1. Which numbered condition trips up Ile195, out of (1) among the β-branched types (Val, Ile, Thr); (2) under 30 Å from Asp327 (Cβ atoms); (3) surrounded by fewer than 18 Cβ atoms within 10 Å (Cβ to Cβ)?
2. Tally the residues that are charged (D, E, K, R) and either over 23 Å from Phe335 (Cβ atoms) or touching a helix residue (DSSP H, G or I) at 6+ places or on another chain (Cβ under 9 Å) (or both), restricting the search to region 239-285.
3. Inside region 120-144, can you point out the residues that are crowded, with 18+ Cβ neighbours inside 10 Å and either within 14 Å of Phe247 (Cβ to Cβ) or at pLDDT below 95 (or both)?
4. Suppose we filter Asp317, Asp332, Asp327 for residues that are farther than 22 Å from Ala173 by Cβ and touching a His at 6+ places or on another chain (Cβ under 8 Å); which single one remains?
5. Among the residues that make up region 225-232, is at least one of them assigned to a loop (DSSP other than H, G, I, E, B) and under 18 Å from the mean Cα position of the chain (by Cα)?
6. Can you tell me how many residues within region 251-278 are closer than 25 Å to Gly229 by Cβ, free of Cβ contacts under 8 Å to residues at least 60 places away in the same chain, assigned to a loop (DSSP other than H, G, I, E, B) and not hydrophobic (A, V, I, L, M, F, W, C)?
7. Only residues in region 279-299 that are among the basic types (Lys, Arg) count as the first member; pair them with residues that are surrounded by fewer than 24 Cβ atoms within 10 Å (Cβ to Cβ), Cβ under 9 angstrom, at least 6 apart or cross-chain, and list the lot.
Amino acid sequence: MKLQYRFSLFVIIVPLIFAACNRAEAQPTRTELVLGTACSVTLYDQGAPRVYRNIFRRIEEIEKRMSVNLPGTDIARINAAAGRSSVQVQSDVFLVIERALHFAELSGGAFDPTVGPLVSLWGIGGDYQRVPSQAEIDDVLPLVNWRDVQLDRGECSVFLKRSGMALDLGAIAKGYAADEAAAIIADNGIKPAIIDFGGNILAVGRKKNKSLWSVGVQNPNEGRGAYAGILHITGQSVVTSGVYERFFEKDGERYHHIFSPSTGRPADNGLLSVTIIAPVSMNADALSTAVFVMGYEKGRALIDSLPETEAVFIFKDLSVRKTAGADFTLTDESFRFEY
């Protein structure tokens with residue numbers, strides 16, 4: 001399996017937990033390479049090896065069912081049968097696809113799980129990344145249409161109506177995996193805990209001293225670990241989509257991995273990153289991509305319509321806007337709030 005794996009091609013997440021929680025009392029963090037990234041879980045006080053094993057066994061199971069790269073996964077089988085036949089899938093795969101279509105409808109198609117042909121065409125993050133011609137883009141755009149995904153709940157089956165279509169759950173599956181890890185943690189009565197799946201952060205409970213968790217949001221113009229500001233959360237997930245981690249440059253222009261399904265090109269709307277804060281990591285994962293593609297005005301309106309959901313927007317001109325409930329403080333003087 002390639003490290004640059006398509007679970008992470010569509011959505012790039014960069015916030016990192018720090019100042020976490022009485023480190024002296026934490027059990028050792030368990031980190032494994034799965035879902036194409038380094039996935040870490042820290043179980044404070046009660047980090048039993050059995051619980052860690054159960055968490056990572058479940059994450060590996062999700063990867064083996066939902067990867068677009070591994071042979072024989074449910075997603076690979078669906079894509080191979082596109083235009084020919086429906087494919088029965090595991091119930092969790094069906095659930096994630098169903099939720100992906102929900103966010104596609106909610107965002108007016110800005111989020112689209114059938115973006116696979118575009119991901120393959122551009123190859124960003126892979127060995128053959130390139131700028132395709134407009135004719136090539138025009139050829140694959142008819143294959144990117146979430147409305148052409150047919151679900152049969154009774155049969156637990158999925159059918160892609162057009163030959164050449166391809167699902168890619170990279171913008172939602174890692175969030176689902178984080179939620180599944182949190183469910184296992186809750187079933188074992190463990191609080192607090194931190195889940196960090198390649199930057200998809202999910203905080204379980206509060207710190208032992210009852211204070212909030214601090215999450216650094218990446219400065220889009222600097223290397224990893226340089227923060228624009230700090231979010232304070234409890235029992236929430238933080239997911240960011242940005243232009244700065246997976247990209248390539250050609251003739252002085254940067255091409256990033258977050259595609260607009262309507263144009264077939266990297267979304268370009270003045271944003272450098274969008275950070276979503278929500279109780280469910282799967283929702284935050286999908287929304288970070290959707291809102292980035294939608295742009296500030298439409299994306300902000302969507303976030304404002306959703307309960308318990310907040311956002312932080314960082315723009316190319318280094319201005320920052322946030323929703324009213326986002327507990328976010330700027331720490332880099334290069335940025336400024338606009339209201």
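1. Of (1) among the β-branched types (Val, Ile, Thr); (2) under 30 Å from Asp327 (Cβ atoms); (3) surrounded by fewer than 18 Cβ atoms within 10 Å (Cβ to Cβ), only one is false for Ile195: (3).
2. Matching residues across region 239-285 total 6.
3. Trp122, Ile124, Gly125
4. On the way: Asp317 fails: touching a His at 6+ places or on another chain (Cβ under 8 Å); Asp332 fails: touching a His at 6+ places or on another chain (Cβ under 8 Å).
Going through Asp317, Asp332, Asp327 in turn, just one is farther than 22 Å from Ala173 by Cβ and touching a His at 6+ places or on another chain (Cβ under 8 Å): Asp327.
5. Step one: of region 225-232, the residues assigned to a loop (DSSP other than H, G, I, E, B) are 225-226.
Next, from what is left, pick out any that are under 18 Å from the mean Cα position of the chain (by Cα): none.
Within region 225-232, not a single residue is assigned to a loop (DSSP other than H, G, I, E, B) and under 18 Å from the mean Cα position of the chain (by Cα).
6. Adding up the residues that qualify gives 3.
7. What qualifies is Lys298/Ser107; Lys298/Gly108; Lys298/Ala110.
This table checks each residue for (1) buried (at least 21 other Cβ atoms within 10 Å of the Cβ); (2) within 27 Å of Arg321 (Cα to Cα); (3) under 15 Å from the mean Cα position of the chain (by Cα).
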site: Asn200; (1), (2), (3): yes, yes, yes
site: Ala203; (1), (2), (3): yes, yes, no
site: Ser211; (1), (2), (3): no, yes, no
site: Asn219; (1), (2), (3): yes, yes, no
site: Glu222; (1), (2), (3): no, yes, no
site: Val239; (1), (2), (3): yes, yes, yes
site: Val243; (1), (2), (3): yes, yes, yes
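The values are calculated or read from the model by the stated rules, or taken from the named source; none is laboratory data. Source: prediction; values computed, not measured. Because the Cβ atoms are built from the backbone with ideal geometry, glycine has one as well, and the counts that use them run over all protein chains shown.
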